[in-house]
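The values are calculated or read from the model by the stated rules, or taken from the named source; none is laboratory data. Everything numeric in this text was worked out from a predicted model, so none of it was measured. Counting neighbours? That spans all protein chains shown, and the Cβs are built from the backbone with ideal geometry, glycine included.
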Amino acid sequence: MTLTFDHLALAAETLEAGVAHVEAALGLPMAGGGEHPLMGTHNRLMGLGDLYFEVIAINPAAPPPGRPRWFDLDRFSGRPRLTNWICRCDDIAAELALSPPGTGRVLDLQRGDFRWQMAVPDDGRLPFDNAFPALIHWQGSLHPAPRLPDTGARLTRLEIAHPQAEALRAALAGRLADPRVVVLAGPSPAMRASFSTPHGVRVLE
């Protein structure tokens with residue numbers, strides 16, 4: 001297997017709205033995060049043990065990036081909701097060659113002392129209506145998850161619904177082995193995540 005589930009992303013029209021939504025749903029605080037000048041976005045994070053959770057939104061104080069933003073944020077509207085999941089890999093060029101067309105081109109990014117490469121689609125939208133994972137390659141040994149406070153929350157299940165579920169499963173076959181990730185047939189693209197927390201089971205969609 002060449003992909004490892006790295007983190008989840010929830011998009012919002014404003015970062016404040018997204019953070020409030022997640023903290024109310026999970027009953028836990030978010031921490032960390034920062035700005036992404038290349039994309040004109042900013043985020044807040046929550047540790048989930050081996051994973052982390054990201055709330056991301058357009059940064060109104062940042063200049064437009066001159067290209068479509070990642071996670072299809074330029075077209076996002078409505079309530080805060082899960083929109084993307086991200087998988088890390090050791091060889092992002094090789095993974096792109098195995099991925100559906102439109103998975104993206106590799107960009108070099110940084111936030112603080114974190115350095116990474118990410119495949120970002122030219123139009124901002126990942127294959128399968130954003131249901132295909134974004135690909136990331138962390139450079140060096142630094143990763144956000146160990147630096148975040150341990151809230152006691154853990155992801156137990158991520159359901160990814162899509163009308164072309166069989167094709168999406170085929171695109172991931174032999175590349176990802178994570179029992180928490182379940183691809184289901186559904187009338188429209190949707191994501192639903194279940195978490196164990198100190199307050200019991202909580203769900204985000």
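Some points to look at:
- Number of residues in region 1-37 that are touching a Phe, Trp or Tyr at 6+ places or on another chain (Cβ under 6 Å) and at pLDDT below 95 equals 0.
- Residue within region 164-178 that is at pLDDT 95 or above and closer than 29 Å to Gly27 by Cα present: yes
- Lone unmet requirement of (1) among the polar types (S, T, N, Q); (2) in contact with a strand residue (DSSP E or B) (Cβ under 8 Å, 6 or more places away or on another chain); (3) modelled with pLDDT of 95 or more for Gln110: (3)
- Cβ-Cβ under 6 Å pairs, at least 6 apart or on other chains, region 186-201 side surrounded by 15 or more Cβ atoms within 10 Å (Cβ to Cβ), far side acidic (Asp, Glu): Pro189/Asp129; Arg192/Glu159; Arg192/Glu205
One line per residue, one yes/no per condition, for (1) under 25 Å from Leu38 (Cβ atoms); (2) among the polar types (S, T, N, Q); (3) exposed (fewer than 14 other Cβ atoms within 10 Å of the Cβ):
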| residue | (1), (2), (3) |
| --- | --- |
| Leu107 | yes, no, no |
| Ile160 | no, no, no |
| Ala165 | no, no, no |
| Pro179 | no, no, yes |
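- Yes/no for Leu155 being buried (at least 17 other Cβ atoms within 10 Å of the Cβ), out of contact with any Pro (no Cβ under 6 Å at 6 or more places or on another chain), closer than 25 Å to Leu107 by Cβ and not small (Gly, Ala, Ser): no
- Within region 81-102, considering residues that are out of contact with any strand residue (DSSP E or B) (no Cβ under 6 Å at 6 or more places or on another chain) and over 18 Å from His162 (Cβ atoms), the one surrounded by the most Cβ atoms within 10 Å (Cβ to Cβ): Leu98
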